[in-house]
Structures are given as C-alpha cells and as structure tokens.
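Input: a single structure, listed below in structure tokens.
The values are calculated or read from the model by the stated rules, or taken from the named source; none is laboratory data. Being a predicted model, the structure only gives us computed values, none of them experimental. Please note: Cβ atoms are built from the backbone with ideal geometry, for glycine as well, and neighbour counts cover all protein chains shown. For accessibility, only protein heavy atoms count, side chains too; no ligands or nucleic acids. Shrake-Rupley method; radii C 1.70, N 1.55, O 1.52, S 1.80 Å.
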Amino acid sequence: MKNKYSIFSLIKNAFSNHENWQRAWRDPEPKKEYDAVIVGGGGHGLATAYYLAKKHNLTNIAVVEKGWIGGGNTGRNTTIIRSNYLWDASAGLYDHALKIWEGLSQELNYNVMFSQRGVMNLAHNLQDVRDLKRRTHANRLNGIDAVWLETDEVKKFCPIINTSQDIRYPVLGGTLQKRAGTARHDAVAWGYARGADEMGVDIIQNCEVKGIKRNGDTVEGLETSKGFIKTKKIGIVAAGHSSVIANMAGLKLPLESKPLQALVSEPVKPIIDTVVMSNAVHAYVSQSDKGELVIGAGTDSYISYTQKGSFNIVEETLKAILELYPIFSRMKMLRQWGGIVDICPDASPIISKTSIKGLYFNCGWGTGGFKATPGSGDLFAHTIANDEPHKLNAAFNINRFVSGDLVDEHGAAAVAH
Amino acid sequence: MFLINCPYCGVRDQSEFVSGGEAHIARPKQPTELNDDQWAEYLFMRKNIKGIQFERWNHVHGCRKWFNVARDTSNDKIEKIYKMGEQPPKI
C-alpha cells in the first residue's frame, strides 16, 4: 500500500530532509508469464495498465519499456489538452479524456498540474474563419464548450497578440475552449505508474521487445532483451515505433513516423496565461509554470526515427511567433528537441484489435496524443479486457482503412499535420 | 537536417526538397478488379521502416523533378540516389 501524498506527508518528510520518501514504483524483473503485457511505458501505456488493473481486475500484467518510463513522446510534447475536434467520433474520444483529466489528480493522488487555462485557435484567412466557426458549432452540438471570438475579443483575451490588420497573416478571429489547458506531462506518466504499481502491475524498464511469438493467428508471447515473456494478450502502445513492432508480428500499419519538434525559451515572468494555437502560420505557444515559453513547431515531410528534426521547421515557426507576438523578439530559446510521431492518413488514432488474436494496437496519435492520455488508456484497457472496443473507440478500428470509413481530422487539428 | 545530391542539380539543402514517401508502390494496373483489402494496401499501408528505406523525393524548390533515394531513417544517412523508373539498389 502506498503512502498517501498530502500536505501532511510533505511536512513529515521535510523533517527527514526528504530522504525517506517511499519508492513510487518497484523495479521488478519480468515474471515468466503474465495475463497481458503492454509494450511501451509512456503515458498511454501506463494509463492502459492502470485501467486494466483498476476497472478490469487484471493485475497480473506488465508494462515493458525499452528506455525509461515517460522518456518518449510523453516527455517531449507541448502538454496541450483540448477536445474541440470536428467529428462526432473524435469529439466523443477527446472529451472522454478531458473529463477524466478534470478529476485525475484526485484519482491518482498525484498532482498532474492540470490547468484549465483555455486554448484559443486563431483564424488568419476567410477559410480559417469558416472552418473554425463550423467547428465551434459542431463542438457545441456535441456538448463541448466552444465559443467564437472576434478579433477585438481575441485581443482582450490575450493582449500580447498582434492583432494589427497590416501583418502578413492578420488575426481575423478565433475559437476558445475554456475547459482546455495544459498538464504536467511527466507527472501523468509518474502518477499512472505509481497507481498501476500499487495494484501489482510490474513496470519493467530497459526491456526492449525483440520479437512477437505467434502460433498461427494467436500470440504466445514476447521476445525481449530480458528474456521470453509468455502472454496471451499484447497491447502495443509504442507511438513512433508502432510500425517496427507491427513488422515483428508480420503486420503492416497505415502509419508514417516523422520528427515533430518543440522548443522552450528562457524562463520569464508570467506573460501569457492561456494556450494560443495558429494553424495557418503553424505556431503555438503557452507558458510553463517555470516561466518558459513552450513552443510547438511542425513535422518534417520525411520519415525519420532520429528524434531531431530540421532547422528550417523551427525557423518557420519562430518567424510566425515573432509576427504574432512582437514582445518576444528578444527572447532566447533554451532547448529544442524532437519526438517521433506516428501519423495516420486521416490524422486520427487507431485503438483496435488486429487480425492476430490477442494482439492490440493503440497508435497513430500523430502530433496530438498527449491530450488523450487518460481516455486512450481507459478505452484501450476496455478493448483488451473484453476483446471488443468500447463504443467510444469503435470508430477508431484499423479496418476503417479498408471500409473507407475514415475520421478525417486534418481540418480540425489545431495545427497542420 | 541533411544534404541531398539532386541527380539533376547537385548537392542542395534538404529544405529545398519534399519527401513523397515510400517508393516502388506501383499503381494497380486493373483498378476495377481490386477488392477493398487490396485498395487499403495500395492507398494506406506503409512499411515505415526504421533502417534503409527506399523513398521518392521531389526537388520542389529547384528543378521540380522526382527521383528515388535509399536512406537510413535511423540516422538520416543517404545510401544511394537513383532516378525514377530504376530498380532499387541492393543494400
């Protein structure tokens, strides 16, 4: 049983110089056999394990991670959470996640620093205005809070934006989702890891999957760098490396893995208390609690697993940021990094069974998976436990690429994929 | 970020080019005879290889010609550049 985190535990541990905190999760060696194994110890994978144990009583399970937990895209994203997607299926999926976010810190007894500071999407041309207004109406029909803001209201909500009509891409308005916001990305992985570990889930780090053993159309287990693990159910949550693992099982996925970059500035005093995204000029910005501006750039056009990305992509984004926020012109950027995002042709994820019994995929989140972490874990756990999708992820099955029933969210993404 | 030796223009920065994805995916000769699975395979399914991958590139801010590249996606090192219509090299 884990000790509860509270103000009292904080005070108590202060007296022992914070040297006697209980370990948040164990570091076990893999057992010979598990009821299910999750491949990938990012937020989505750990959340899947957590909900498998909590809601479906599957506690003899493991999460295997080739590096350290939360070291992939969970630690590389820009932490934006929103649910203002266009189509009904996406609205259901992302708002399910947003509703879990709203109570997540309490549920996990772990402060994920969820901050509903609002997310504003800017329109820079007539087509943007039409698309975003349409999206606002669609959101409201789906019960998602969304409002349209005229240019002066945009300025009022975020005064540092340059709303002059003389700039190259003038701000013609925007949408606002007030329930949207940000969260502390590492804390999400750590909170789920701690919660899952408490229920008996083995979190095995530095354990790389080398192969998937099949007997005909049924999975039998995993070859890993720590030996063979026997299991009847394997949930793959490997983000950018999903295709690599699918290849081990003899499957092909409709994914392309590309570097997506982000960068942060030097820390400054509070200057922007919301998240502003702009599709047309491809720039989005928020400010972390440490004071750094967190800036998201675009993906490269080519497939790469290098976690780097090209300089010209960053340059484009910063040009746009400077035009929209002249106040940032003298800020220095501190760090830049890349993550490998697995992008589906319709820019929607896959949470699905496969043609191989016992093999499940949760992938294709592309450039925007962080926001869905709790919902994705919950629905993927349901899919694995019942061998059937939940009604909220039924549309996100892999067969949609055969039936043609795509969930095309290219237009509704806040930035171009 | 890397350089690409365009077979028509010479060495240029990668930002002058755009990737057209996986190469050697032949358009079906008899589209009407394909079933849905075969269409899905042709349209959407990709190898997405970590390692040497054959792909198409276009020198979009230059000669605007297409050509093929054999590139290691794990380190962005280009192994071979060859023209459209040529067979992939053995690497």
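Multiplying each eigenvalue of the alpha-carbon gyration tensor of the protein assembly as shown by 5 and taking the square root yields semi-axes of 34, 32, 22 Å, largest first, rounded to whole angstroms. Shape verdict for region A:204-258, please, from the Cα gyration tensor: rounded (a/c under 1.5), prolate (a/b greater than b/c) or oblate. Cα axes put region A:204-258 in the oblate bin.
When the solvent-accessible area of region A:255-379 is split by element, carbon and sulfur atoms take up 54 percent of it, the probe being 1.4 Å.
Protection proxy ranking of A:175-184, A:47-56, by the mean of other Cβ atoms within 10 Å over each peptide's residues and highest first, is A:47-56, A:175-184. Within 10 Å of the Cβ of each residue in A:336-345, the mean number of Cβ atoms contributed by other protein chains is 1. Counted as membrane-span-like here are DSSP H helices of chain A whose alpha-carbon atoms extend 24 Å or more along the helix's own axis and whose Kyte-Doolittle mean is -0.5 or above; these are A:88-108.
With one equal scatterer per alpha carbon and no solvent term, the Debye-computed log10 I(q)/I(0) for region A:259-417 at 0.08, 0.12, 0.15 1/Å reads -0.30, -0.62, -0.87.
Of the listed peptides A:192-199, A:18-25, what is their order by residue-averaged count of other C-beta atoms within 10 Å, with the highest listed first?
Peptide ranking by packing, descending: A:192-199, A:18-25.
Residues of region A:264-307 whose accessible area, computed with a 1.4 Å probe over protein heavy atoms, drops by at least 10 Å² once all protein chains are present relative to their chain alone are A:Ser301, A:Tyr302, A:Ile303, A:Ser304, A:Tyr305, A:Thr306.
Could you compute the FRET efficiency for A:Phe228 and A:Ala394, with r as their C-beta to C-beta distance and R0 at 30 Å, rounded to 0.05?
In this case the efficiency is close to 0.35.
The apolar share of the surface of region A:1-140, taken as the fraction of accessible area on carbon and sulfur atoms (1.4 Å probe, ligands and nucleic acids excluded), comes to 53 percent. The DSSP beta bridges internal to the protein assembly as shown are antiparallel in roughly 75% of cases. How big is the gap, in Å, between the Cα center of region B:33-81 and the Cα center of region A:143-160? Result: 42 Å between the Cα centres. Given the pairs A:Lys252/A:Lys371; A:Lys55/A:Lys99; A:Lys178/A:Lys371, which are separated by over 24 angstrom at their Cα positions? Violating the 24 Å limit, Cα to Cα: A:Lys252/A:Lys371. Centroid-to-centroid, using Cα positions, region A:210-235 and region A:11-72 are 20 Å apart. Mean projection of the Cα convex hull over all viewing directions, computed for region A:168-223: 9.8 nm². Taking 35 Å as R0, compute the FRET efficiency from the Cβ-Cβ separation of A:Ile11 and A:Thr59 and round it to 0.05. Computed FRET efficiency for A:Ile11 and A:Thr59: 0.60.
Take each residue in B:46-56, count the other chain C-beta atoms within 10 Å of its C-beta, and the mean is 5.
Given a 1.4 Å probe and every protein chain left where it sits, what share in percent of the accessible area of region A:154-236 is carbon and sulfur? Please report the intermediate quantities before stating the final value.
Values: 1600 of 3380 Å².
Roughly 47 percent of what the probe reaches on region A:154-236 is carbon or sulfur.
The contact between chain B and chain A removes approximately 2100 Å² from the accessible area (both sides summed; 1.4 Å probe; ligands, DNA and RNA excluded). Rolling a 1.4 angstrom probe over the protein heavy atoms with all chains in place gives region A:239-282 an accessible area of 33 Å² per residue. Inter-chain neighbour count for A:239-246: the average number of beta-carbon atoms from partner chains within 10 Å of each residue's beta-carbon is 2. Take region A:86-142 with all the other protein chains still there, run a 1.4 Å probe, and you get 46 Å² of accessible area per residue.
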